[in-house]
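Nothing in this text is a laboratory measurement; each read-out follows from the coordinates by a stated rule. All of these numbers come straight from a predicted model, not from anything done at the bench. With ideal geometry, Cβ positions are generated from the backbone for all residues, glycine too; neighbour counts draw on all protein chains shown.
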Amino acid sequence: MIAKETYLKGCFIIEPSVYKDKRGYFSETYNSKDFREILGFDIKFVQDNESMSSKGVLRGLHYQTGEFAQAKLVRVIKGSVLDVVVDLRKDSKTFGEYFSMELSEANKVQLFVPRGFAHGFLVLENETVFSYKCDNFYNKNAEAGIAYNDKDLAIDWDLDNREITLSEKDKNLSSFKNALL
């Protein structure tokens, strides 16, 4: 496993080892010992989530506030997404900055998203299966979000707005300036 920290401190690109042969492939997607070495602390994931989406679906930008904040380990099982994280840590040098990258079935790359970040993804292929681990349980009262097209964040989703499909909830997310930080 190879880990590379992004320019957003604490956010890591994780490239797991993939062993291929005529039968297919094998890959270890999570190992607590390896993650302790990468992060410098123990992380205990308590919840796994999975979604299947069509091309053009945008989920996000979501986060949980306060004691219910979540760190996530995200990956694509089938298809591909443009994955985006936004640093919401007010004391961070990169507060309000975002990082994006393609996660896909082909590249098998994962992204570790620390607590204090908003997260979202744009689906690039039909029937894309997205999976993620969380280190804290979902709490409806702590959920929050930022509009994907917020002018201050100016995220380049590389897709025409007319091609994006949002949930009703995501259509009504807050601006970055009004986010519950």
Give the distance, in whole Å, between the Cα centre of segment 122-147 and the Cα centre of segment 51-88. 4
Of Lys33/Lys171; Lys72/Lys177; Lys55/Lys108; Lys20/Lys72; Lys4/Lys140; Lys93/Lys177, which sit over 29 Å apart, Cα to Cα? Lys33/Lys171; Lys4/Lys140
Around Pro16: net Lys/Arg minus Asp/Glu count, Cβ-Cβ under 12 Å: -1
In nm, to one decimal, how far is the Ile164 label point from the Asp21 one, both placed 7 Å along Cα→Cβ? 4.6
FRET efficiency estimate (nearest 0.05) - Cβ-Cβ, Ser54 to Phe95, R0 45 angstrom: 0.85
With Cβ to Cβ distances under 9 Å as the rule, what net charge do the other residues near Gln70 carry (K, R +1; D, E -1)? +1
With each run of n ≥ 4 DSSP H residues scored as -39500 (n - 2.57), what mean residue ellipticity at 222 nm is computed for the chain after dividing by its residue count and rounding to the nearest 500 deg cm²/dmol? -1500 deg cm²/dmol
GNM top mover of Phe117, Phe35, Phe12 - the chain, alpha-carbon springs below 10 Å: Phe35
